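The values are calculated or read from the model by the stated rules, or taken from the named source; none is laboratory data. The structure presented is a predicted model; accordingly, all values stated were derived computationally and were not measured. Every residue, glycine as well, gets a Cβ built from its backbone with ideal geometry; the counts of neighbours run over all protein chains shown. Remember, those area values only see protein heavy atoms, side chains included, never the ligands or the DNA or RNA. Shrake-Rupley method; radii C 1.70, N 1.55, O 1.52, S 1.80 Å.
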Amino acid sequence: MELGLAGKCALVCAASRGLGKAAARALADEGAAVAICGRHVETLERAAAEINGATGAQVVPVVADVGRGEDIARLISTTVKELGALDVLVTNTGGPRSAPFEAIEDQEWNAAIASLLMGVVRLSRAALPHMRARGAGRIINITSVSVKQPIEGLALSNAIRAAVTGLAKTLATELAHERILVNCVAPGYTATDRVIELAETAAKREGTTPEAVQKRTEARIPLGRMGTPEEFGAAVAFLASDRASYITGVTLQVDGGYVRSLI
């Protein structure tokens, strides 16, 4: 299937590894030029070289922290300068630590809000003029299945990613007449470093092993396994594409059937 992404310009945040990197690779595979950001220069440049080597696409690494407003302004301007335009924005950030509600102080709430929510607000606001200049655009937020089914021990993520979902739904309505489509992709349990970290935290809390926690998790997934980053990246590429031209305001689960809700 031809997705119509050749010649498009995309920015994928937190793309030095994991789901962000998989999303950037999927877009590059389809012929898009891609800017990627992350906080650590060595890891970021290695990811850019890997994606470029595998796809031949233009890949521009930009060191930036999406929790900082000044970094976001520089990230968007650098992306447009290097790629020439901005058609697709994929927001993403590392998840906050796993902790029960009463163990989280105000400072940690504020930091998580700045990264997970305000990062999306600022990125979207900065990207919109460039998408308007192109006459269309895509904003895709990487969230979590926790927006539909809260996950035990993830109070920060459960609360703040739900706020991102509400923002996306609002923007989808406000921007539809400008052909700027806004959606979320909600990963379930995927084979990434983040899932390993969560399994280790749960194992320590419960007095068991990370392997036992992962087996228990896989048993709750109808497909009987964790997803791969590549499967997730394919979903992002589809929503970014011309083939998804009548889809806006949705949260697409990529979870092997883990969430049982009807919508």
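What length, rounded to one decimal in nm, is gained on full extension from GLU70 through to ASP242, with 0.36 nm per residue of separation minus their alpha-carbon distance? If you can, show how the numbers build up before the last one.
Details: separation 172, 0.36 × 172 = 61.92 nm, distance 3.20 nm.
Going from the current span to full extension adds 58.7 nm.
Can you list the lysines whose alpha carbon is less than 23 Å from that of LYS169, not counting same-chain residues fewer than 8 positions off? In chain and number order, the partners are LYS148. Judged by the gyration tensor of its Cα atoms, with axes a ≥ b ≥ c, segment 27-74 is oblate; a/c meets the 1.5 cut and b/c is at least as large as a/b.
Please give the net charge around GLU211, taking every other residue with its beta carbon less than 11 angstrom from that of GLU211, where Lys and Arg add +1 and Asp and Glu add -1. Residues near GLU211 contribute 0 overall.
Quick one: putting +1 on the C-beta of Lys and Arg, -1 on the C-beta of Asp and Glu, what dipole do you get for the chain around its Cα centre, in Debye to the nearest 20? Walk me through the numbers on the way to the answer.
On the way: 28 positive and 28 negative charges, 91 e Å.
Dipole of the chain, to the nearest 20 debye: 440 debye.
For segment 73-219, the spread of Cα coordinates along the three principal axes comes to 55, 33, 30 Å, biggest extent given first. Ordered by 1.4 Å accessible area with all protein chains kept, HIS177, HIS130, HIS40 run largest first as HIS177, HIS40, HIS130.
What percent does the relative contact order of the chain come to when contacts are Cα pairs within less than 8 Å and at least six residues apart? Relative contact order for the chain comes out at 20 percent.
I want to make sure I understand the PRE zone here: with the label point 7 angstrom from the Cα of ILE151 toward its beta carbon, which residues in segment 87-124 have backbone N atoms less than 14 Å away? Those under the cut-off are 93-100.
At a threshold of 8 angstrom on Cα-Cα distance, excluding pairs fewer than six apart, so keeping six or more, what relative contact order does segment 15-126 reach in percent? Walk me through the intermediate numbers first.
Numbers: 136 pairs, mean separation 26.3, N = 112.
23 percent.
In this structure the chain gives 47 Å² per residue of accessible area when probed at 1.4 Å with all protein chains present.
Which label belongs to the value computed from this structure, given these candidates for semi-axes √(5λ) of the Cα gyration tensor in Å: (1) 29, 19, 19; (2) 39, 22, 15; (3) 25, 22, 19? For semi-axes √(5λ) of the Cα gyration tensor in Å, the calculated option is (1).
Which order do you get for SER124, SER261 if you rank them by accessible area with a 1.4 Å probe, largest at the top? Before the final figure, lay out the partial values.
Details: SER124 5, SER261 55 Å².
The ordering from most to least exposed comes out as SER261, SER124.
A 1.4 Å probe over all protein chains sorts THR217, THR209 by accessible area into THR209, THR217, starting with the largest. Largest first, the three principal axis extents of the alpha carbons in segment 1-126 are 49, 30, 25 Å in whole numbers.
With a 1.4 Å probe and every protein chain kept in, tell me what percent of the accessible surface of the chain is carbon plus sulfur.
Numbers: 6530 of 12310 Å².
C and S atoms contribute 53 percent here.
At full extension, THR43 and ALA85 could sit 12.6 nm farther apart than now, given 0.36 nm per residue minus the alpha carbon distance. Which one of ARG122, ARG161, ARG46 has the biggest mean-square fluctuation once the chain is modelled by GNM with Cα springs under 10 Å? Of ARG122, ARG161, ARG46, the Gaussian network model singles out ARG46 as fluctuating most.
Only helices enter the 222 nm calculation for the chain: every DSSP H run of n ≥ 4 contributes -39,500 (n - 2.57), and dividing by all residues gives -15000 deg cm²/dmol, rounded to 500.
For segment 166-175, putting each phi into the Karplus relation 6.51 cos²θ - 1.76 cosθ + 1.60 with θ = phi - 60° gives couplings of x, 4, 4, 5, 5, 5, 4, 6, 5, 9 Hz, in residue order, rounded to whole numbers and with x for Gly and Pro. How high is the FRET efficiency between ARG260 and ALA203 when r is their beta carbon distance and R₀ equals 22 Å, given to the nearest 0.05? Computed FRET efficiency for ARG260 and ALA203 comes out at 0.30.
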